[in-house]
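S.K.: Structure provided below as structure tokens; questions to follow.
The values are calculated or read from the model by the stated rules, or taken from the named source; none is laboratory data. Please read all numbers here as calculations on a predicted model, not as lab measurements. A quick note on method: Cβ atoms are made from the backbone with ideal geometry, for glycine too, and the neighbour counts reach across all protein chains shown. Note: areas computed on protein heavy atoms with side chains; ligands, DNA, RNA excluded. Shrake-Rupley method; radii C 1.70, N 1.55, O 1.52, S 1.80 Å.
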Amino acid sequence: IFRFSRFREALEGGRGLGGLAYLEDEIPSYYVRMLSGAHRAQQGSEAPIMVMDTALSAIMGAMDDDGGAQVVVNMGNGHTIMALVVEGAVQGLLEHHTSLLTPQKLKDYIIRFPQGGVSNEEIYEDGGHGAFSLATAQTLRRIAVTGPRRGMMKETGLAYDLPAPGGNMMM
């Protein structure tokens, strides 16, 4: 709940997902794991360290700026995060545990989420982390999927893109 409130604050404040990337000395104290990782990475290095939630980083990397509305999904081993992107700006996020998703449930969320049809309470009660939307989109130009568990998308029957460069979703 706390993490999602920080995500929402950044988007409502117009900072976008980039507003959730931090240089080592700017990381908020409540991001304990991020602080620890940045501190360890900084040891022995003179270069500045920038850190960000990996799921949000994957979303940013999979977005395109061709306009219209798109849903970008990062299907990680532990968590699946979905972003509604309208005219190049993230307008909503949904995060769930990948192991609790079925192809049918994933398809349902991808269809209903952009239309404002998935509530935070619904996701939370289903064992996920939450959802919020600042805008809606009735028509999607694109569904983009990345992450190690992206193979589940084949079973949804939805058309989608794999935006990973060279086939490597970790780039």
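S.K.: Multiply the residue separation of residue 40 and residue 154 by 0.36 nm, subtract the distance between their alpha-carbon atoms, and state the gained length in nm to one decimal.
M.R.: Residue separation times 0.36 nm, minus the Cα-Cα distance, leaves 37.2 nm.
S.K.: Counting only Cα atoms, I'd like the Rg/Rh figure for the chain, Kirkwood definition for Rh.
M.R.: 0.97
S.K.: Considering the chain as a Gaussian network with a 10 Å cut-off on Cα pairs, which listed residue, 37, 151, 16, attains the greatest mean-square fluctuation?
M.R.: Residue with maximal mean-square fluctuation among 37, 151, 16: 37.
S.K.: Gaussian network model of the chain, Cα springs within a sub-10 Å range: biggest mean-square fluctuation belongs to which of 106, 84, 93?
M.R.: 106
S.K.: Kindly state, to the nearest 0.05, the FRET efficiency for residue 25 paired with residue 134, given R0 = 25 Å and r defined as their beta-carbon distance.
M.R.: E(calc), rounded to 0.05, equals 0.25.
S.K.: How many angstrom separate the Cα center of the range 109-157 from the Cα center of the range 58-101?
M.R.: 8 Å
S.K.: Can you give me the % of accessible surface on the chain that is carbon or sulfur? Probe 1.4 Å, all protein chains present, nothing else counted.
M.R.: Its accessible area is 52 percent carbon and sulfur atoms.
S.K.: Classify the range 67-164: rounded, prolate or oblate, from the alpha-carbon gyration tensor (a ≥ b ≥ c, eigenvalue square roots; a/c under 1.5 rounded; otherwise prolate if a/b is larger than b/c)?
M.R.: Since a/c reaches 1.5 but b/c is at least a/b, the shape of the range 67-164 is classed as oblate.
S.K.: Shape verdict for the range 40-106, please, from the Cα gyration tensor: rounded (a/c under 1.5), prolate (a/b greater than b/c) or oblate.
M.R.: oblate
S.K.: Between residue 54 and residue 126, what FRET efficiency comes out of the Förster formula 1/(1 + (r/R0)^6) with R0 = 35 Å and r the beta carbon distance, rounded to 0.05?
M.R.: 0.95
S.K.: Do the sum for the chain: with -39,500 (n - 2.57) for every DSSP H run of n ≥ 4, divided by all residues, what is the mean residue ellipticity at 222 nm, to the nearest 500 deg cm²/dmol?
M.R.: Calculated from helices alone, the mean residue ellipticity at 222 nm is -8000 deg cm²/dmol.
S.K.: Now for a different question. How large is the accessible surface of residue 26 in square angstrom, using a 1.4 angstrom probe and rounding to the nearest 10?
M.R.: 110 Å²
S.K.: Given a 10 angstrom Cα cut-off, can you work out which residue in 137, 38, 83 is the most mobile in a GNM of the chain?
M.R.: 38
S.K.: Per residue, how large is the accessible surface of the chain? Use a 1.4 angstrom probe and give square angstrom.
M.R.: Heavy-atom SASA per residue in the chain reads 52 Å².
S.K.: If you don't mind, there's one more thing I want to ask. Checking the a/c ratio against 1.5 first, then a/b against b/c, what shape does the Cα gyration tensor give for the range 6-61?
M.R.: Since a/c reaches 1.5 and a/b is larger than b/c, the shape of the range 6-61 is classed as prolate.
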